[in-house]
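Here's the structure, in structure tokens; my notes come after.
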Amino acid sequence: MKNIEPKLVELLKQGYCTPQISQIAKKLKEPGTTIHYNIKKLERDKVIRSYKAVFDYKKIDAGHCTYVFVNVSSEDYGSPEKIAHELANDPRIESIDICTGDYELLLKIRTKDIDEYYSLMKEIIAKFKFSKASSIISLNQVKSEFVRAA
């Protein structure tokens with residue numbers, strides 16, 4: 001049988017997931033049609049923006065997780081959204097938050113290992129001229145996307 005797992009994982013990362021209506025109906029003891037109607041309403045109202053699979057990241061070569069606090073350059077200080085939207089195009093950057101306090105951005109980066117992380121950081125620091133970047137490496141993730149790790 002053809003192995004399409006890498007392609008499938010990439011699509012799942014992008015939100016190509018659907019809710020399991022029958023399992024939700026059973027858990028809530030409500031008819032599937034009621035669940036379906038309410039989910040569609042939540043989607044229409046943009047309460048639900050996307051669906052995402054929660055992975056065992058080590059098994060998909062993305063087991064190195066680092067949180068990076070960033071100070072943007074003085075030229076970009078007034079528009080961190082511009083940089084955030086550009087950074088969002090990199091699939092290794094899982095999330096980007098615009099912050100208050102000592103840093104302007106918080107990045108969550110997933111790479112295969114420390115070498116790939118180092119290469120990415122050199123690339124984005126040079127491209128965006130960050131004035132400072134502080135990293136925190138995650139040693140073990142207990143909960144992700146509201147799902148407790150087993």
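Every number in this text was worked out from the coordinates using simple rules, so none of it is lab data. Nothing here was measured: the structure is a model prediction, and the numbers come from that model. We place every Cβ from the backbone using ideal geometry, glycine too, and count neighbours over all the protein chains shown.
If we count every other residue with Cβ under 13 angstrom of Thr66's Cβ, Lys/Arg +1 and Asp/Glu -1, where does the sum land? Combined, the nearby Lys, Arg, Asp and Glu give 0. What is region 5-44 by shape, rounded, prolate or oblate, if you read a ≥ b ≥ c off the alpha carbon gyration tensor as root eigenvalues and call it rounded for a/c under 1.5, prolate for a/b larger than b/c, and oblate otherwise? It comes out oblate by the Cα gyration axes. With the cut-off at 1.5 for a/c, could you classify region 1-94 from its C-alpha gyration tensor as rounded, prolate or oblate? It comes out oblate by the Cα gyration axes. Placing pseudo-labels 7 Å out from each Cα toward the beta carbon at Ser50 and Ala25 gives an inter-label distance of 2.9 nm.
Rounded to the nearest 500, the 222 nm mean residue ellipticity of the chain from helices alone is -10500 deg cm²/dmol, with -39,500 (n - 2.57) taken per DSSP H run of at least 4 residues.
For the residue pairs Lys52/Lys122; Lys2/Lys41; Lys58/Lys132, alpha carbon separations beyond 32 Å are given by Lys2/Lys41.
Largest GNM mean-square fluctuation among Thr66, Thr111, Thr34, using the chain with Cα springs under 10 Å: Thr34.
Take Glu104, Glu81 and order them by how many other Cβ atoms sit within 10 Å, fewest up front.
Working: Glu104 24, Glu81 12.
Listed from fewest to most nearby Cβ atoms, that is Glu81, Glu104.
In plain terms, the chain from Phe146 to Val9 could stretch by 47.4 nm, reckoned as 0.36 nm per residue minus the Cα-Cα distance.
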